[in-house]
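None of the figures in this text is laboratory data; all of them are computed from the coordinates on show. All values reported here derive from a predicted model rather than from experimental measurement. Reconstructed Cβ throughout: ideal geometry from the backbone, glycine too, with neighbour counts over all protein chains shown.
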Amino acid sequence: MYQIGSLVEMKKPHACTIKATGKKANEWEVTRLGADIKICCTNCDHVVMMSRHNFEKKLKKVL
């Protein structure tokens with residue numbers, strides 16, 4: 001399961017690219033838990049907030 005500070009991978013990659021590899025970034029850090037979940041891209045610090053139900057549908061794996 002995931003907790004605050006956990007790194008997660010979503011099904012679809014984020015639009016930002018990693019400069020070293022040129023690939024799409026897909027690693028997010030969980031920063032808030034509750035009815036809504038807030039995640040932050042580890043590459044560009046973009047923040048996304050979504051419902052727990054939506055998050056669990058889009059979650060691929062916990063790293």
Check: Taking the simple approach of a point 7 Å from Cα along Cα-to-Cβ for both Gln3 and Leu59, what is their distance in nm?
Finding: 1.4
Check: Short version: ³J(HN,Hα) in whole Hz for each residue of the range 37-50, in order, from phi by Karplus 6.51 cos²θ - 1.76 cosθ + 1.60 (θ = phi - 60°), x for Gly and Pro, what are they?
Finding: 10, 10, 10, 10, 5, 6, 8, 10, 6, 6, 10, 10, 10, 8
Check: Rounded to the nearest 0.05, what FRET efficiency do Asp45 and Lys12 have when you use their Cβ-Cβ distance and R0 = 22 Å?
Finding: 0.75
Notebook entry, point to check: Roughly how big is the chain's charge dipole about its Cα centre, with Cβ charges of +1 (Lys, Arg) and -1 (Asp, Glu), in debye to the nearest 20?
Noted result: 280
Checklist line | Reported label for calculated semi-axes √(5λ) of the Cα gyration tensor in Å given (i) 18, 14, 8; (ii) 17, 12, 11; (iii) 20, 11, 10 | finding: (iii)
Item checked: Cysteines having no other Cys beta carbon under 4.7 Å from their own, within the chain -> Cys40, Cys41
